[in-house]
Amino acid sequence: MSQLIVIGFDNEADAFALRQELAGAQKEYLLKLEDAVVVTRPTEGEYQLHQALNLTSAGALGGTFWGGLVGLLFLNPLAGAAIGAGAGALAGSATDYGIPDDFIRQIGKTVPVGSGAVFILADGFNMDKLLPRLEKYGTRARVIQTSMSNADEARLRETLAAPAWAASTAAASAAGTGAALLG
């Protein structure tokens, strides 16, 4: 079952870095990202949604292919490709995939100016391997909202509540203790 997590940051760069980190974690099969949107607030009264997937260009590409194929049947593939690209781009821009944009806008309006938030819709979390990757954000990140179980949300909040230097110190001492036990 998919889980929704919204994590806020004091600056935009950390929000984009977390989205990139999660994309890397997906390549390692630590989670399955369905959608990841960064919301930034450059000025008062303005907010921007940065989608991970551009549906307009994806629709145009698909429309070009199918329009060209249909145009080929009627001996005019260029006209078919052009019409298909336009129709695909229009359909792609009207499509709302993943997290509803209205929900993102509603919470995005609460993000302070100059900061950012990451909206994550994912499934199949490997919390034991994913949480250590999030420790580096330390107290710079805060959980705004989740649909996770109470236990998993508490683990996430605990990971993000610790200062980044404390998390790396704890990991180093655990590694040293393990080496001492083996040696």
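The values are calculated or read from the model by the stated rules, or taken from the named source; none is laboratory data. As the structure is a computational prediction, the values presented were derived from the model and not from experiment. Using ideal geometry, Cβ is built from the backbone for each residue, glycine included, and neighbour counts are taken over all protein chains shown. For the accessible areas, the whole protein counts, side chains as well, though only heavy atoms, and no ligand, DNA or RNA atoms are used. Shrake-Rupley method; radii C 1.70, N 1.55, O 1.52, S 1.80 Å.
Candidates in the stretch 120-145 are the residues that are basic (Lys, Arg) and in contact with a helix residue (DSSP H, G or I) (Cβ under 7 Å, 6 or more places away or on another chain); of these, the one that is least open to solvent (accessible area, probe 1.4 Å) is Arg133.
Checking Leu130, Leu134, Leu121 one by one, the residue that is touching a residue at least 40 places away in the same chain (Cβ under 8 Å), closer than 30 Å to Thr43 by Cα, within 18 Å of the chain's Cα centre (by Cα) and in a helix (DSSP H, G or I) is Leu134 and no other.
The residue list Ala117, Ala167 contains one member that is under 17 Å from Ala17 (Cβ atoms), open to solvent by less than 40 Å² (accessible area, probe 1.4 Å), at pLDDT below 55 and not charged (D, E, K, R), which is Ala167.
Among the residues of the stretch 88-99, not a single one is modelled with pLDDT of 60 or more, over 16 Å from the mean Cα position of the chain (by Cα) and either open to solvent by 50 Å² or more (accessible area, probe 1.4 Å) or aromatic (Phe, Trp, Tyr) (or both). Restricting the search to strands (runs of 3 or more DSSP E) fully inside the stretch 1-54 and requiring at least 2 residues that are surrounded by 13 or more Cβ atoms within 10 Å (Cβ to Cβ) and of a type in the set (A, V, I, L, M, F, W, C) gives 3-9, 32-43. Checking the stated criteria, Asp152 turns out to be in contact with a helix residue (DSSP H, G or I) (Cβ under 9 Å, 6 or more places away or on another chain) and either open to solvent by 70 Å² or more (accessible area, probe 1.4 Å) or part of a helix (DSSP H, G or I) (or both).
Scoring Trp66 on the criteria (1) surrounded by fewer than 20 Cβ atoms within 10 Å (Cβ to Cβ); (2) at pLDDT below 90; (3) not in a helix (DSSP H, G or I) leaves a single failure, condition (3).
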